[in-house]
Each structure stands twice: as C-alpha cells, then as structure tokens.
Amino acid sequence: MVANAVLLQERAKIRKIAFVGDHLPRKCGIATFTTDLLSAVQSAYPQSQCLCVSVNDIEAGYDYPEVVRFEIEEQDLPSYLRAADFLNISDVDVVCLQHEFGIFGGAAGGHVLAMLRELKMPVVTTFHTILREPKADQRRATEELIALSTRLVVMADRGRQMLHEIYHAPLSKIDLIPHGIPDVGFVDPTYFKDQFQVECRTVLLTFGLLSPNKGIEYVLNALPAVLADFPEVVYIVLGATHPNELRNHGEAYRLSLEILATNNKLEKHVIFCNQFVDEENLKAFMGAADLYITPYLNATQITSGTLSFAFGSGKAVVSTPYWHAADLLADDRGALVPFADATAMGNEILRLLHDDSRRNAMRKNAYRLGREMIWSNVAQLYMHSFELARLEGAPLSRKSLAIKTLDQKPRELPELKLTHLSRMTDSTGVFQHAIFSVPNFSEGYCTDDNARAFILAVLIGELADDAELERSLASTCAAFLHHAFDPASGRFHNHMSFDRHWLDEQGSEDSHGRALWSLGVAVGRSQLRSYQMMAGQLFARALPALTEFSSPRAWAFGLLGIHEYLRRLSGDSLVNQTRELLTVRLMELYDRHAHADWNWFEEELSYDNARLAHALIVSGRATGQEAVLHRGLETLRWLIEQQTTEKGHLRPIGSNGFYHRGGVRANFDQQPIEAQATVAACLAAYRATSDLRWYEQAQHAFDWFIGGNDLGLELYVPETGACRDGLHVDRVNGNQGAESTLAFLLSLVEMRQAQNMLTSFKQPVTAEEFPAVSVPVR
C-alpha cells in the first residue's frame, strides 16, 4: 500500500485541481463530500494545489474558507460562464465536478453544462445521483454531461451498470470509487456513551439532514415493540433540518416527529439533536451507537454518506433497501427491511439486539471492508482518475474558441427590472393605465392585466428559483383573480374601478380565457403549493364556460392554460376533453376561412394574432397530433411573413384598422402585445421542432421592444423595466400602461428562459411525444 502510494505521488504531474460543487459551511451532503474530498487529496498530494468553485443557493452566500476561490450563483447562468473563464485563466489542470441535479440552476441543472462546454481542461465528474427513469430534460442533461466529461466516477457497481445501460456511457470511461469516510478505530460503544449521558443504555442512531423522505416516523412506530424487550433503548436522531425543508416548511416535519414520539410514550427514549455537527462530534456520536438505522424512503438513492460512515466505522446497520444500502449491506453485512414497514423494522432491531454474535459479526465485516473507504485511500483513487483524465485530455465535443464572434455567443438581454410594475400595483391589483409613468387611478384595474402579471410572477419564480419573489409579486394578482370570479355565473368580471366596484356584469370572453391561462400556469409551474391549489380549484370552476364561447382568442388562451395545467395534472379527463374540443374548433375555423392567399383562421388579422397559432403548436405537440402541430407552424410562418419588413424587422399589424383580407393593411399603431405574442409563439415552435430559425424569429420579435422596429426607437425603459404603449407613425406613445409593460417583461423572461436552455444544452429541446418536424421559416 505504501509503495503504491509513493508510486502514485511520483506519477502525479497535476499541479492544480479545481473541485466544483458545494462547500462547507453550506449545509448539505454535497458540501460535506466536496470539503472532505478536497482536503483528502490536498493532504495526500501536497505538491498539487487544490481549490474550490462553490455554488451558492442564497443571495448572501457563505463565509467560505480561503480554499473557495470562486462562487457561482445557482440560478445565474452568466456566473457559470464567468467561472469557466476563471478556471481557464487560472491554468487548472483538472476539474473535479460533483454532480447532483438539485445544486445547479436551469432545467435539470443544465446551467453547469454551459460552464463545462467552455473549459479547456479535462473534467472528472462524480455522479451522486443516477436516475433509472429520467425525465426528458434529465436524460438530456446526463447524456451531455457524460459527453463533456473525460472520466466518470460512481460510488457503487450498480451506478456503473446504470450509466452504461441507460445512458450508454462507455465502461472504459467509468471509475468505481467508494464514498470516502474518516479513519476511525473499531471501538466499544460504551467508551463514548458517557459523553451523551446514555451510559448503560442501548443506543440506536440515525444521522443526517432531516426531511420527510428520511422515514424517521417508521422507527418511532417500531420502538414500542422494541422497548417491550429492551426498555433501556434510546434512539438518537442527529442532524439539523435540511435548509430547503426549513425554507419551505419550517420545522413542521420535526415537530410532527416529536408529537408522534409523545403519542407513542417515547419521551424518555428519543433524543432529537437539532444541530449540524462537525466531523469530530459525529465520530463521538457514531462511536456511542450500538445500531445504526437508515429508514430512508427513496428507493433510488444510489449514495449515502451517512451509511458509508456508519458502515466503515464498524456499526451493525438496519436499513431499508435503497440502492446503496442494498449493495453495501448484502451478504449479511447488514440487515435490510421493507420500505415504510414499522413492524419489520422493529422485528429486525429485536433480532439483532437478541443476537450478540450476529451483531458483532456484522460489525467486524463492515469495519474490515470499510478500510478501503477511508479518505486517504479514496484520495489515491481519485488522483489516479485525474491522471488518466489528464492523459486523455478534454473531449472533442467541447467548444474550442475562447473568444467568440457575435453569432457564437448569446445576445445580451436587458436586465429584468420590476420598478415600474411595482409602481403600477397596489394592495388591490395592477392598475390598467398610466399617464406617462404615473399610474392612472381613474381607469382602475382589470382582470386581463392581473392575469398577465400572475403569469409573469410564476415565470420569474421558475427562472430565478426564488419562491419569495414569486410569493410577493403573485399574491396580489392571485387575490384579484379569485375576487373577480362570480360563482353564480361561472364567469370573471374584468373591469374594476379605483374604489373597488365592478364596472361590468361579466367580463369579456377574452378576459375569461386569459384568466384561465394564468391559473393553468400557476397549477403547472408555480413552486408554491398554495398557489397550485387555489389556482386548480378556481380553474375547475371557470373551465366550463370556456366551451360556450365564440371568441377564437378565448379558445386559444384557454388552450394555453390547459396546456400548462396538464403539465402537472395530465390525467384530468374533463380538461383533456376540453382541449380536444377547442383544438377541433380552431382547426375547423381555419378550414372555413383559409384561402390560397390567406393562410389564417379569420378574414382579418387583428390583435394577439400569434396566440391562435401558438395554441395549436403546444396542443399538437402535447397530444401527438402532427396535423395540429403542422397547422400551427404553417400559420405562424405565414403570419411572420405578413409582419416582416423588407429590412427584416418586425412590423406588427397596426391597431388603427387592422388588416382585412383583400383590404389595406394598417401599419400603425403597433402594439407591444403583438410583439410579445410573436415571441412566445416562435419560442413554442422552436421547442417543438428544434429548428433554430424559430428562435431567431423570436429574437427578431423581441428586438421590436429595443429599437428593431420601423422608427428605430426603444419602447422599453431601461431604468424601470416599463414599456411605452405603442408605436405611432411618427413617435412612440409615451404612456407606460400595464398591458405594454407586462408584454415586455413577459417577453424578456421567456427569452431569458430560452437563452438559458440554448446556452446550457448542445442540442435544443425536442418534442418528447414524437420526432421533431421541420416547417421552414421563410
């Protein structure tokens, strides 16, 4: 062993290693692992410099040690690209990436792929999670991660098989390296028990950040039967509540466990230690344990640092058969019990406590095998992987240019600012109109704009992964929409006066459809359970009226809302039937009005035109109806032809007369909602076809806001995020109403989401239901 270590040290020609992941004092398993691995490699190879690039999940960041040289903001894609620049400039030899979907921003953690694609050096990626049945974006992210990595590290043989069989990673590229553990002695638990005042008691221990998937309640329900035979047993639950659980639900889970323990009369037999313990204290707790228990409920957990630590410390372990435990504890190296089965858990604990010889045999077997898992040995295995990666070099799939021409890098988008929108919102809702930048109280509020604002709030929450921002922006709009609904008629009001009186018996069909759309977005995409539930209940009450409408735009808005709703609740048969009915209506409407020279649903191009095509694109894609998808793409292509000037910029149909078939087209007044509808529809077409020309058309439509229009004038206001109300023949309309401002902000957020995806993933998003189709954009 010593000779091998010396040989490896002599062979190691790696001067600088960068570890990318989380790092203490952030409280999560990846942070602990990265910290321990970096320290172990640095100790074993002092001639190699080790540094860390750490990901922050909170705006304030953390008080990191000096070894953390660069910080990434989790949801900020540009910060990943800056990290790549830092690593390239720092002349790092090898990057060691710790991969877990939840620690990186973007769809399926895709932001990190943008960073990897810019790196010049080889990357060794450690997989902490491998999904047997990934969603489409998770599969794409994993496959691209494999392609961008020189070597892959898994911690169990099952992981190697899954990477090869499910994701087609070459076996020659995969290194099996166990989860590292501290080097502790094989000790008598009695030695440590007096530190915790549990001497003369049998100690059961579970350690780790607390969250509902840990299954602690099943141990608490098993304990009464155990205590009947061993009344001196005490169960220690060690670990702080997981930060994400704490942010979203507070201490609800811990309190529920304490209540359960009280109800089971376990007050003298359960100790909850709500603290994040360092390694030395953890060694003491682990030393005092007679049995270690992992009652986890997630069958697909492929690594567990706490299980590795307990096993390598020579503890007898009782566990549910999640993947890591099933492999590590096989052949009587531990005891496995079914998931969520308190009776089985209790019986196995009793068997081990009654059978000293079996329990001690488990301990010795575990400790003997655990010697291979100590950090000093793991560091050698990682260095061997690093050296192989250095010799093999970076994959050819990486980008080679450090400096890019304009067409090789994403367009820089304006900063998202909500200053004006905040000014236009009070405790009731969003005001409709403004006199220049001043809210016009006399025009009151409308459901249309509050629905738009609700959609914006949810999308911002999704983009920034910021539930607090979503909550603060959305609550007023959600309350307005709930108040606007009249249960007696099943319809929404639209217009409300400044003194909070409704000005209509019922709102327009379009406003009803737009309200449904916003509710569907909240159901399908909000991070907040309360919004999902409120919106879902209101959606169900408001949906029946939609089928009675005659407005094609109300149908289209409703279809867009249905599409979003079914993201989460795809089994809702009534909603699926409504989608089918409205899709048929739009298709039949097209058949009645389209001509050889007029490829449209009506005899007139009027307002929010692109929404009709947009609704068919998403509905056709979701249901696998290629004819519907093609119809949406063909009509959108034709609309773009009508709205594109000879110079190539967007010229929306003017609201001063619109455009009737065979008549004179109105070129002004051009409205922001037309640009926004075109942006959204083109992005939907891009997602459905993977044709980058649709993304380029979305960019052209977005450029209308920032000067790419007939007058070459900006409509958006960079200082406040406002948008002016329209483009006249000789000037912009200086008023900054809610509809216009929300049109710009929604376009900006959707463009940013698409740009993030385009930057992160080598291949654009493709349709999941059937192969991508191609309809040319002329």
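The values are calculated or read from the model by the stated rules, or taken from the named source; none is laboratory data. What you see is a predicted model; the values in this text were computed from it and never measured. Ideal geometry is used to build each Cβ from the backbone, glycine not excepted, and the neighbour counts take in all protein chains shown. Surface areas here come from the heavy atoms of the whole protein model, side chains and all, with no ligands, DNA or RNA. Shrake-Rupley method; radii C 1.70, N 1.55, O 1.52, S 1.80 Å.
For the reader, a short list of remarks on this structure follows.
- Linear extension gain, R139 paired with D426, 0.36 nm per residue minus alpha-carbon span: 99.0 nm
- Of the cross-linked pairs K27/K417; K120/K173; K27/K364; K173/K214; K27/K173, those separated by over 23 Å at the C-alpha level are K27/K417; K27/K364; K173/K214; K27/K173.
- Linear extension gain, H595 paired with N656, 0.36 nm per residue minus alpha-carbon span: 19.5 nm
- Note on segment 258-416: dipole from Cβ charges, positive end direction compared against A379, S357, G346; the farthest Cα belongs to A379.
- A Förster radius of 45 Å combined with the Cβ-Cβ distance from A488 to L255 puts the calculated FRET efficiency at roughly 0.60.
- Extending 7 Å from Cα along the Cβ direction at D356 and again at Q642 yields two label points whose distance is 8.9 nm.
- Between E415 and R158, the modelled label-to-label distance comes to 4.9 nm, taking each label 7 Å out from Cα in the direction of the beta carbon.
- Counted by Cβ distance under 10 Å from Q47, the other residues give a net charge of +2, where Lys and Arg count +1 and Asp and Glu count -1.
- Annotation: amide H of G707 within the under-5 Å range of L715, sequence separation 5 or more or interchain, hydrogens built in the peptide plane.
- Kirkwood estimate for the chain, i.e. one over the average of 1/r between Cα atoms, Å: 29.1
- When a 1.4 Å probe is rolled over the protein heavy atoms, the share of accessible surface on the chain that falls to carbon and sulfur comes to 51 percent.
- Dimensionless Rg/Rh of segment 232-387 - Kirkwood Rh, Rg from C-alpha atoms: 0.98
- Computed E for D63/H728 - FRET, C-beta separation, R0 41 angstrom, nearest 0.05: 0.15
- Charged neighbours of L24, selected by a Cβ distance under 11 Å, balance to -3 (K, R count +1; D, E count -1).
- For the peptides 559-567, 650-658, 182-190, residues were scored by their other Cβ atoms within 10 Å and the scores averaged per peptide; the highest-first order is 559-567, 650-658, 182-190.
- Å² per residue, accessible surface of segment 617-737 at 1.4 Å: 35
- Karplus-based coupling profile of segment 164-176, in residue order and whole Hz: 6, 7, 8, 10, 6, 6, x, 4, 5, 8, 9, 10, 9, with θ = phi - 60° in 6.51 cos²θ - 1.76 cosθ + 1.60 and x standing for Gly or Pro.
- R0 of 30 Å, Cβ-Cβ distance S573-H630: FRET efficiency to nearest 0.05: 0.70
- Taking amide H as placed 1.01 Å from N in the peptide plane, the amide H of G726 sits under 5 Å from that of N733, each at least 5 places away or on another chain.
- Sequence-distant aspartates and glutamates (8 or more away, or on other chains) whose Cα lies within less than 18 Å of K13: D91, D93, E387, E392
- Each Lys or Arg adds one and each Asp or Glu subtracts one; over the other residues with Cβ under 11 Å from the Cβ of D449, this totals -1.
- Angle in degrees between helix 529-546 and the longest Cα principal axis of the chain, rounded to the nearest 10: 30
- Extreme residue, positive dipole direction of the chain, given options F33, G558, F668 (C-beta unit charges): F33
- Put a dot 7 Å past the Cα of F196, heading toward its Cβ, do the same for A228, and the two dots end up 2.6 nm apart.
- For K16, the residues 5 or more places off, or on other chains, whose built amide H falls under 5 Å of its own are Q49, D93, V94.
- Bridge orientation summary for the chain: considering DSSP beta bridges with both residues in this region, about 30 percent are antiparallel.
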